[in-house]
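**Q** The structure's right below; bear with me while I get my questions together.
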Amino acid sequence: MNDFIYRLQNVTKAYEGRCVLEVENLKIHRGEIFALVGPSGAGKSTLLRLLNFLEPPTQGRIRFLDVEFSADEPMPLAYRRRVTTVFQRPILLNRSVWANVSYGLGLHGRHDQTDRIEKALEQVGLRDFIRQRARTLSGGEAQRVALARAIVLQPDVLLLDEPTANLDPYNVGLIEEIVQQLNQEGDTTLVLVTHNVFQARRLAHRVALLLEGRIVETADVETFFQSPRDPRTVAFVRGEMVY
C-alpha cells in the first residue's frame, strides 16, 4: 500500500479551550484496517469524528483523498458521503430491518436499490429478517443492521466505534468476519476504535496507541504486539496499564 486515504498534519481539537486531541502526523493507507486502541477518554472517538468530518479540527489539516478539511475549509458533501460510521450503540428507526437498511440510500437520492439491499443483508446474515421490526432485535442483530445500513452505501471508508462492545462471542465473531470480508473483497478502508487489544490483533494491519489525546506509537500489527518501542505501549499490550 503506497498511497494514503487520510493524512493528518498538526491536527488539534479543543472544546471550550481545553485541548483533547493533538495529532502531529498520521497517515492511513487506502485499503487497510487501521486500529486505534487506548483507554477511555484518550481521544479515540474524537479522532473518529474528525475523520468522518462531523466537526472540523481546531487547528491543522486533514487531507482526504485529494481534498483538505480544516476549520476554514469544509469538506464537500460528495466527499463526506464517501465515509460512514457505525457506532457502538446504533440508533435504528422503529421500522422494519429493510426500512433501516434502505434509509441512507434514500437520503442520498439512490432509490430502487433492491439488489444492493438484499446483498448487504445477506452479508450480515439477516436476509430472513427483512420484515422484522428493529425494536424486536437483539443487540447483536441491531449492530448487524447498522453494519448493513453502512455497507449498502459502498463507502470508501468505514469507521467503526467499538462495534462489538457488550456483544456475545457469537456476534463478535460474526461482525469480525464481516469486517474482514469487506476489507478483502471490497477494498474498503476500515478504521476501528476498540478497547479490545485481542480484536485489534486479529483484524488490523496497523495499530496506533492513543493516550491523553496523543499518538504514542503506530506500527504494523506484528511489531506493535511483539516488539513495541515505547514503554507505554508495552504496558498497554501486557495489560499492565491501569485506567
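**Q** Taking into account only those residues within region 122-135 that are surrounded by 15 or more Cβ atoms within 10 Å (Cβ to Cβ) and assigned to a helix (DSSP H, G or I), which is modelled with the highest pLDDT?
**A** 129
**Q** Another question, then. For region 136-190, how many residues are of a type in the set (A, V, I, L, M, F, W, C) and either assigned to a helix (DSSP H, G or I) or more than 25 Å from residue 5 (Cα to Cα) (or both)?
**A** Adding up the residues that qualify gives 16.
**Q** Within region 1-26, how many residues turn out to be of a type outside the set (D, E, K, R) and surrounded by 19 or more Cβ atoms within 10 Å (Cβ to Cβ)?
**A** 7
**Q** Another question about this same structure. Taking residue 158 as the residue in question, decide whether it is more than 30 Å from residue 221 (Cα to Cα) and buried (at least 18 other Cβ atoms within 10 Å of the Cβ).
**A** No, not satisfied.
**Q** Can residue 216 be described as touching a strand residue (DSSP E or B) at 6+ places or on another chain (Cβ under 8 Å), at pLDDT 90 or above and either surrounded by fewer than 17 Cβ atoms within 10 Å (Cβ to Cβ) or over 30 Å from residue 15 (Cα atoms) (or both)?
**A** For residue 216, the condition - touching a strand residue (DSSP E or B) at 6+ places or on another chain (Cβ under 8 Å), at pLDDT 90 or above and either surrounded by fewer than 17 Cβ atoms within 10 Å (Cβ to Cβ) or over 30 Å from residue 15 (Cα atoms) (or both) - is not met.
Condition check ((1) out of contact with any helix residue (DSSP H, G or I) (no Cβ under 6 Å at 6 or more places or on another chain); (2) modelled with pLDDT under 95; (3) more than 17 Å from residue 85 (Cα to Cα)) across all residues:
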| residue | (1), (2), (3) |
| --- | --- |
| 152 | no, yes, no |
| 155 | yes, yes, no |
| 159 | no, no, no |
| 162 | yes, yes, no |
| 166 | yes, yes, yes |
| 169 | yes, yes, yes |
| 174 | yes, yes, yes |
| 177 | yes, yes, yes |
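**Q** Continuing with this model, one more query. Only residues in region 7-33 that are outside the structural domain of residue 207 (by TED's automatic domain parsing) count as the first member; pair them with residues that are β-branched (Val, Ile, Thr), Cβ under 6 angstrom, at least 6 apart or cross-chain, and list the lot.
**A** none
**Q** With a cut-off of at least 2 residues that are surrounded by fewer than 17 Cβ atoms within 10 Å (Cβ to Cβ) and not assigned by TED's automatic domain parsing to the domain that holds residue 144, name the strands (runs of 3 or more DSSP E) lying wholly within region 37-121.
**A** 59-64, 67-69
**Q** What number of residues within region 30-44 are small (Gly, Ala, Ser) and either modelled with pLDDT of 95 or more or in contact with a Ser or Thr (Cβ under 9 Å, 6 or more places away or on another chain) (or both)?
**A** Adding up the residues that qualify gives 2.
**Q** Can I ask one more? Do we have residue 8 as out of contact with any Phe, Trp or Tyr (no Cβ under 7 Å at 6 or more places or on another chain), part of a helix (DSSP H, G or I) and at pLDDT 95 or above here?
**A** No: the conditions fail for residue 8.
Residue-wise test of (1) under 23 Å from residue 180 (Cα atoms); (2) more than 21 Å from the chain's Cα centre (by Cα).
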site: 68; (1), (2): no, no
site: 76; (1), (2): no, no
site: 90; (1), (2): yes, no
site: 106; (1), (2): no, yes
site: 110; (1), (2): no, yes
site: 133; (1), (2): no, yes
site: 140; (1), (2): yes, no
site: 147; (1), (2): yes, no
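**Q** Quick check on region 198-238: of everything there that is assigned to a loop (DSSP other than H, G, I, E, B) and touching a residue at least 40 places away in the same chain (Cβ under 8 Å), which residue is nearest to residue 21 (Cα to Cα)?
**A** Step by step, filter region 198-238, then rank; the result is 213.
**Q** Would you pick out the residues in region 157-181 that are within 22 Å of residue 50 (Cβ to Cβ) and not acidic (Asp, Glu)?
**A** Of everything in region 157-181, those that are within 22 Å of residue 50 (Cβ to Cβ) and not acidic (Asp, Glu) turn out to be 157, 158, 159, 160, 163, 165, 179.
The values are calculated or read from the model by the stated rules, or taken from the named source; none is laboratory data. Given the structure is predicted, the values throughout are model-derived calculations rather than measurements. All Cβ positions, glycine included, derive from the backbone under ideal geometry; neighbour counts span all protein chains shown.
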